[in-house]
Structures are given as structure tokens and as C-alpha cells.
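For reference, the structure is listed below as C-alpha cells.
Values quoted throughout were computed directly from the atomic coordinates according to the rules given, and no laboratory measurement underlies them. Remember, predicted model here, so these are calculated numbers, not experimental data. Note that each Cβ is placed from the backbone with ideal geometry, even for glycine, and that neighbours are counted across all protein chains shown.
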Amino acid sequence: MTDADIVQYDLEGPVAILTLNRPEKRNAVSDRLISVLAEQVARAQAEAKAAVICGNGKHFCAGLDLAEHVKRTPIEGVHHSRLWHRVFDQIEGGTIPFFSALHGAVVGGGLELAAATHIRVADATTFFALPEGTRGIFVGGGASVRVGRLAGVARMTDMMLTGRTVSAEQGEAWNLCQYVVAEGEARQFAIDLATKAAQNAEMSNYAILHALPRIADMARGDGLFMESFVASMTQTSPEAEERLNAFLNKTAARLSHPSS
Ligand code: 1HE
């Protein structure tokens with residue numbers, strides 16, 4: 001294994017698959033892993049239309065590499081946290097949708113990474129936790145912003161104060177994931193979803209990734225105003241005309257009930 005294989009990169013059609021590949025340390029996020037992840041995220045955004053992040057071994061990700069963390073000075077700690085923010089912002093606010101395929105431990109920084117992806121698919125073995133409180137530290141990879149908004153501050157406070165672990169089913173009810181699938185099926189399920197999303201008009205996907213979180217942070221009137229401009233921009237693009245005509249000509253697939 002070369003050093004760059006710490007995050008494996010594969011391209012399946014329009015979908016890039018990034019595999020955290022440090023199973024002997026439960027994919028704990030070392031400085032090397034975060035810097036290779038940044039490179040592979042940039043590569044995915046240049047080459048693919050959607051991406052999946054998953055983990056090798058028994059667990060998705062054990063979070064921050066605690067062995068490296070004990071040695072940092074206060075200012076090094078700030079720079080380290082800001083580096084994670086930049087990489088996770090690039091996932092959340094880049095050019096393509098990211099899907100995560102979760103199994104086993106999705107804890108600490110592992111949950112922060114998953115929360116930066118747009119869609120999280122958890123298999124039945126998944127458990128979520130924020131053990132920072134019990135380790136004498138604090139979240140530093142964006143959880144106070146992302147996990148607090150997904151699950152709510154009360155639930156996040158509970159996870160941090162008590163070290164509570166949350167199952168995949170409970171995590172779905174708490175918005176920590178959007179799908180729960182059978183053991184071992186998260187990766188393929190996420191690839192299938194990513195392949196579907198990759199077929200959307202690029203402008204629609206960009207608007208979904210960039211307009212929705214911004215509008216959620218806006219006042220109601222500002223959000224509605226912004227929505228009108230994004231709607232008009234997307235619906236007047238050539239891709240939209242083609243797709244709308246395909247529906248009207250009855251050449252586009254019809255929607256149906258999820259059980260059919
Ligand atoms: C690690 C790490 C790690 C495992 N840093 N080395 N994250 C945590 O507090 C979670 C800590 N890890 C665990 O609770 C467990 O390891 C797991 C539940 C994830 C997996 O358990 P298990 O029984 O499968 O594995 P293990 O025997 O505990 O670990 C296997 C090896 O991985 C072992 O090393 P070895 O040399 O003794 O074989 C562990 O030391 C190593 N390992 N997790 C370093 N996290 C930007 S701020 C983010 C803040 C956080 O993320 S805090 C949360 C940190």
C-alpha cells in the first residue's frame with residue numbers, strides 16, 4: 001500500500017468512490033489521512049458527477065487519531081481544527097453531491113465527516129457517538145454546526161455529556177442518516193443513489209447543494225426571494241428545457257409509489 005492509498009480512489013462511471021483505508025486503526029483520522037482525503041475530494045470534484053465516502057474494515061471511522069492529538073499545542077489545535085473545517089466545507093460546499101456509506105462506529109470526527117456529506121446511508125451495524133466529552137476534548141471538525149443542526153442541540157448535548165451511543169434506527173429518527181439498510185449493503189446502496197443523482201441536471205444539483213443550506217439560514221422573506229431567482233435560473237437552462245419536453249413527450253420515466 002502506498003501512502004496515498006490511505007484514502008483509496010475509484011471511479012465507477014460518473015461516481016467517485018473514496019474509501020478510508022486505515023482499518024487497523026479503525027480509520028482514525030490522522031493528519032496524513034485528512035490531507036489525502038482533501039486531495040481525493042478535489043480529484044472527485046474534477047472527474048465525477050457524484051461521490052461516495054465509505055470505510056474499509058469493521059468500522060466507518062473512529063474519529064480523530066487520538067495518538068497524534070495528545071502532542072498538539074493550543075495554537076496547533078486551532079490550525080488542526082480549521083484544516084478539518086476546510087476539508088469538510090469542500091465536501092459540503094463543493095461542486096458535486098457526496099454520499100456516505102456508514103457501518104460500525106461513526107464516532108467523533110467520523111460523525112463530523114459523515115455530517116458534511118449530503119446523504120448518509122447507514123447499515124444495521126452502525127452506531128453514532130460523540131465521545132469528546134468523555135475524552136476531555138471538544139468537537140473540532142464542525143459537529144457543533146452540522147450535528148447540532150441535524151439532530152438538535154439537546155440531542156447533541158446528551159451525546160457529548162453522557163457518551164450515549166445511537167443506533168442506526170435512532171440515528172435516522174434524529175436525522176443523523178437518511179437511510180438504514182441491511183448489514184453490508186450501505187456501500188452499494190449509496191453508489192446506486194449517487195449514480196441516480198449524477199444523472200440530474202448539473203445546475204439543479206448545484207442549486208440543491210448551495211441554495212438549500214443558505215436559504216435555511218435566511219429569514220423567511222429573504223429565503224423566498226432567493227428561491228425565485230434560483231428557480232428561474234435553473235428552469236431557463238437548456239438542460240431544463242430538454243427534460244421538461246421529455247416529460248411532455250412522454251419519453252421521461254414516471255414517478256410511482258415507493259412500494260411498486
Ligand atoms: C485508534 C482510535 C482513535 C481506534 N485514535 N487510534 N474517537 C474515539 O474516542 C473512539 C475511540 N475508538 C473506539 O472507541 C474503538 O476503537 C472503536 C469502537 C472505534 C472500535 O473498537 P474495536 O474493538 O473494533 O477496536 P480497538 O481494539 O479499540 O482499536 C483497534 C486499534 O485502533 C487500536 O490500536 P492498536 O495499536 O492497539 O491495535 C486502537 O488504539 C486504535 N484506534 N480508534 C487512535 N480514534 C477534530 S475533533 C474530533 C474529535 C474526535 O474525533 S474525538 C473521538 C475520538
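This table checks each residue for (1) exposed (fewer than 14 other Cβ atoms within 10 Å of the Cβ); (2) of a type in the set (V, I, T); (3) under 30 Å from F128 (Cβ atoms).
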{"position": "N175", "(1), (2), (3)": "no, no, yes"}
{"position": "A182", "(1), (2), (3)": "yes, no, yes"}
{"position": "A186", "(1), (2), (3)": "no, no, yes"}
{"position": "H210", "(1), (2), (3)": "no, no, yes"}
{"position": "D222", "(1), (2), (3)": "yes, no, no"}
{"position": "E227", "(1), (2), (3)": "no, no, no"}
{"position": "A231", "(1), (2), (3)": "yes, no, no"}
{"position": "T234", "(1), (2), (3)": "no, yes, no"}
{"position": "P238", "(1), (2), (3)": "yes, no, no"}
Residue check, A252 of a type in the set (A, V, I, L, M, F, W, C), in contact with a helix residue (DSSP H, G or I) (Cβ under 8 Å, 6 or more places away or on another chain) and not in a helix (DSSP H, G or I): yes
Top-ranked residue of the range 115-143 - restricted to ones that are under 17 Å from R187 (Cβ atoms) and without any contact (Cβ under 8 Å) to a residue 60 or more places away in the chain, ranked as nearest to the ligand (Cβ to nearest atom): T125
Scope the range 98-114; condition in a strand (DSSP E or B) and more than 7 Å from the ligand (Cβ to nearest atom); matching residues: F98, F99, S100, A101, L102, V106
Helices (runs of 4 or more DSSP H) wholly inside the range 18-94 containing at least 3 residues that are within 16 Å of the ligand (Cβ to nearest atom) and touching an Asp or Glu at 6+ places or on another chain (Cβ under 8 Å): 31-47, 74-92
